1. Which one of 188, 178 is loosely packed, with under 15 Cβ neighbours inside 10 Å, under 29 Å from residue 106 (Cβ atoms), modelled with pLDDT under 85 and out of contact with any strand residue (DSSP E or B) (no Cβ under 6 Å at 6 or more places or on another chain)?
2. Among 16, 68, 24, which is under 25 Å from residue 201 (Cα atoms), modelled with pLDDT under 90 and assigned to a loop (DSSP other than H, G, I, E, B)?
3. Could you run through the range 244-256 and say how many residues are over 14 Å from residue 292 (Cα atoms) and touching a residue at least 60 places away in the same chain (Cβ under 8 Å)?
4. Which residues, counting only those in the range 157-166, are outside any helix (DSSP H, G or I) and either surrounded by fewer than 22 Cβ atoms within 10 Å (Cβ to Cβ) or in contact (Cβ under 8 Å) with a residue 60 or more places away in the chain (or both)?
5. Identify, by number, the condition in (1) surrounded by fewer than 20 Cβ atoms within 10 Å (Cβ to Cβ); (2) farther than 27 Å from residue 205 by Cβ; (3) modelled with pLDDT of 95 or more that residue 327 doesn't meet.
6. Just to be sure before I move on: is residue 341 touching a helix residue (DSSP H, G or I) at 6+ places or on another chain (Cβ under 7 Å) and surrounded by fewer than 24 Cβ atoms within 10 Å (Cβ to Cβ) in the structure I sent?
7. For the list (1) under 26 Å from residue 126 (Cβ atoms); (2) surrounded by 22 or more Cβ atoms within 10 Å (Cβ to Cβ), I need the number of the one condition that residue 250 fails.
8. In the range 41-60, which residue that is more than 23 Å from the chain's Cα centre (by Cα) and modelled with pLDDT of 75 or more is surrounded by the fewest Cβ atoms within 10 Å (Cβ to Cβ)?
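The values are calculated or read from the model by the stated rules, or taken from the named source; none is laboratory data. Everything quoted here is computed from the prediction, not taken from an experiment. Cβ sites come from the backbone with ideal geometry, for glycine too, and all protein chains shown count toward neighbours.
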């Protein structure tokens, strides 16, 4: 069996977010198909030593930091000591494949090339960081928001060179893969799509569907903060009367909302919108909602939230960017672009003009057939083993 080193940031059970969900799925796939070791990159924020790593094979950790002004914040910096430690781990492991989750640890790839010249180097991109900065700057090109302008410039410079390397690059959707090819000017290259995957919970919550619209996610991410602002400033005045007419509410669920946004929400007191914050069981929230609403304007990869909702037979209304990468028609995944369209699509599911049970079942079936962990995993193992 080939040897593989999987390099990631903390993704232990209990940590939330679509990126953690994908990490756990990838580790499960790769540790099942390879003699796999795990390396966790440690910024000191989570006590790695306190983790239970039973069942994770050979485990190691490597410290990193972020150095502002030198390069993009999204790209990690490793000290000479950390680089030496990484070199020793590579030589001792003699890996056939080194798999990096995200492009943040890109600086380590040169060490792999030097120490293990025959090893395959794989980067799971998940999302192109410069797209987030570009869209964030385009939404608000102001002095206050200049950070995203500077990051956009630095990231574009970095990515143009990064994607020219002879690595295997995995993208969660074809749109991001196409964006990477534009940066390099190459029509070919070892670029592959490895979409996010749907995992059906072992236990489906036994809850009654309420007359609720649900937005959920980690609320301090760029994409979700922008969606929060959009819901508060643009959507609330339009969807509020629809919610009232149907005796419904729009619940905003998730951790990490900055205090200033909470203050804005409380001051606005939008009709029908309730800021819930973090909950113990997000599956119960999804299963009890009549529809999940994801009015995203900033790209964030192929949304695991759509797959999570589909796994619980809950229909989703999203944006064009939210649906990016899915081969799902609007009959299965309704798409809106304006507050009025979102309000109408959600209203039709609340008042029964469109059957939410039928739509949720259709989403479940399509996601199960096209985005199951087994189907995606088999293709990924074949790719890394050189069988396709």
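1. On the way: 178 fails: modelled with pLDDT under 85.
None of the other options fit; the residue is 188.
2. Working: 68 fails: under 25 Å from residue 201 (Cα atoms); 24 fails: assigned to a loop (DSSP other than H, G, I, E, B).
After applying the criteria, what remains is 16.
3. As a first pass, look at the range 244-256 and keep what is over 14 Å from residue 292 (Cα atoms): 244-247, 255-256.
Going one step further and asking which of them are touching a residue at least 60 places away in the same chain (Cβ under 8 Å), we end up with 245-246, 255.
Number satisfying all stated conditions: 3.
4. Quick first cut of the range 157-166, residues outside any helix (DSSP H, G or I) only: 163-166.
Matches in the range 157-166: 164, 165, 166.
5. Result: residue 327 fails condition (3) only.
6. Details: touching a helix residue (DSSP H, G or I) at 6+ places or on another chain (Cβ under 7 Å): no; surrounded by fewer than 24 Cβ atoms within 10 Å (Cβ to Cβ): yes.
So residue 341 fails the test.
7. (1)
8. Selected residue: 59.
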